[in-house]
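The values are calculated or read from the model by the stated rules, or taken from the named source; none is laboratory data. Keep in mind it's a predicted model, so treat the numbers as computed, not measured. Note that we place each Cβ from the backbone using ideal geometry, even for glycine, and neighbour counts take in every protein chain shown.
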Ligand code: PMP
């Protein structure tokens, strides 16, 4: 599954990258990106001939793995027939993708506005909520990631917001439940849920409910640490939104399309939002695509007055053809059920078993193919293995852990003091076990930085 090693070609790719590519979220001279020669299924490889099992799905988007032949063929076929067309026309790939998505989203989320990715989906969801309610303020959780522009970076709780934060977007943050590091000093899930809902209601009341357009919330927060909310929390947020006339936006950009072992994470809780954002898994990221699924009531707002927003590439035929093929493959191959089974039978038990043996693992949490290990210096105090938002030397223990995983052929997802286990939803059981074995060895390196060592 790897091409012949070709280090010279790899060196040329790296040299051009270094000279001319400006990378996201990076100090340009302090990074050394791997030159990737190819990828297939759950693996990718470099020009030296080294192969890696991808426990990241890129940025949690290749839910079908790399180069799925049916999705590649659909893109090729669409390119050969109608590569592109402006959004104001009805085009088969676009209307079919919208139909297939609407049929799978919960409740009456039956209209789809297409964007080029998740950030734009959040931007448009906020705009729809503001126009629909006539209100401006938006609430989101501190431990969150919603995107990197205008409103979406303000909504993001992650420290990447700080450098851009003008505080002018009418965003107010609140604490969502997270029992392991409970903002409410709760001792169990039920308490955490009740206190989180009380805190949210207090925040609404003191902000003035009549000024609040929307609550934007990841159904299962991803980048911030894969924190599956306690039972009842999302239903409670739904009830608060109903009571105060606030639009509930569930952000399913990362958690949607099979990742949690359901089509959408909201399905885990039986909750239907008013707007739902998606991207990534909708077409495994083969061509950029995102969107907003819109409820009947909000669609009605724009039935006779124009929606004040749009994008040149809204519903790009190539991206939509990839989405249509992706959804068909997910159904034909039972990808959602496979993800659920992997979570219950392989990742859940496998990761908990690692936690028993490795003092660096403070908590294992997740569902489906969506897991996080919280690495700590001390299990009793729960002191994180590295400080919040650490860089350079302060981050050395996590860097050592990541390097150890890569040496063993595993490409890990590392964020702050956590490693997320987020391989393609199509990963086989044997591949998953191979990854867990490599993770086992890499965690021994993390253990050296704990008080138990
Ligand atoms: N919302 C969530 C929940 C995400 O995880 C992300 C991306 N990680 C975004 C929005 C932004 O999506 P994109 O990077 O495609 O613009």
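This table checks each residue for (1) within 12 Å of the ligand (Cβ to nearest atom); (2) farther than 22 Å from residue 318 by Cβ; (3) in a loop (DSSP other than H, G, I, E, B).
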{"residue": "86", "(1), (2), (3)": "no, no, yes"}
{"residue": "100", "(1), (2), (3)": "no, no, no"}
{"residue": "107", "(1), (2), (3)": "no, yes, yes"}
{"residue": "129", "(1), (2), (3)": "no, yes, no"}
{"residue": "138", "(1), (2), (3)": "no, yes, no"}
{"residue": "153", "(1), (2), (3)": "yes, yes, no"}
{"residue": "161", "(1), (2), (3)": "no, yes, no"}
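Among the residues of segment 270-297, those that are buried (at least 24 other Cβ atoms within 10 Å of the Cβ) and either in a helix (DSSP H, G or I) or in the same structural domain as residue 58 (by TED's automatic domain parsing) (or both) comprise 280, 281, 282. Consider residue 167 carefully, then state whether it is within 11 Å of the ligand (Cβ to nearest atom), more than 24 Å from residue 302 (Cα to Cα) and part of a loop (DSSP other than H, G, I, E, B). It is false that residue 167 is within 11 Å of the ligand (Cβ to nearest atom), more than 24 Å from residue 302 (Cα to Cα) and part of a loop (DSSP other than H, G, I, E, B). Once segment 239-264 is narrowed to residues that are within 26 Å of residue 63 (Cβ to Cβ) and without any contact (Cβ under 8 Å) to a residue 60 or more places away in the chain, the residue that is nearest to the ligand (Cβ to nearest atom) is 252. Does segment 295-310 contain any residue that is closer than 25 Å to residue 75 by Cβ, touching a residue at least 12 places away in the same chain (Cβ under 8 Å) and touching a strand residue (DSSP E or B) at 6+ places or on another chain (Cβ under 6 Å)? Within segment 295-310 (the criterion being closer than 25 Å to residue 75 by Cβ, touching a residue at least 12 places away in the same chain (Cβ under 8 Å) and touching a strand residue (DSSP E or B) at 6+ places or on another chain (Cβ under 6 Å)), the answer is no, since none of the residues qualifies. Every condition in (1) assigned to a loop (DSSP other than H, G, I, E, B); (2) modelled with pLDDT of 95 or more; (3) over 30 Å from residue 296 (Cβ atoms) holds for residue 16 except the one numbered (1). For residue 121, the criteria (1) under 18 Å from the mean Cα position of the chain (by Cα); (2) within 29 Å of residue 302 (Cα to Cα); (3) more than 16 Å from the ligand (Cβ to nearest atom) hold in every case but one, which is (3). Here the condition is being more than 30 Å from residue 450 (Cβ to Cβ), within 16 Å of the ligand (Cβ to nearest atom) and surrounded by 20 or more Cβ atoms within 10 Å (Cβ to Cβ); of 372, 323, it holds for 323 alone.
In summary, helices (runs of 4 or more DSSP H) completely within segment 299-405 and bearing 1 or more residues that are over 19 Å from residue 422 (Cβ atoms) occur at 317-332, 348-357. Condition (residue is surrounded by 19 or more Cβ atoms within 10 Å (Cβ to Cβ) and within 16 Å of the ligand (Cβ to nearest atom)) applied to segment 62-77: is it met by at least one residue? Yes, some residue in segment 62-77 is surrounded by 19 or more Cβ atoms within 10 Å (Cβ to Cβ) and within 16 Å of the ligand (Cβ to nearest atom).
Quick one: which residue in 165, 158 is modelled with pLDDT under 95, closer than 23 Å to residue 254 by Cβ and in contact with a helix residue (DSSP H, G or I) (Cβ under 7 Å, 6 or more places away or on another chain)?
Values: 158 fails: in contact with a helix residue (DSSP H, G or I) (Cβ under 7 Å, 6 or more places away or on another chain).
Residue meeting the stated conditions: 165.
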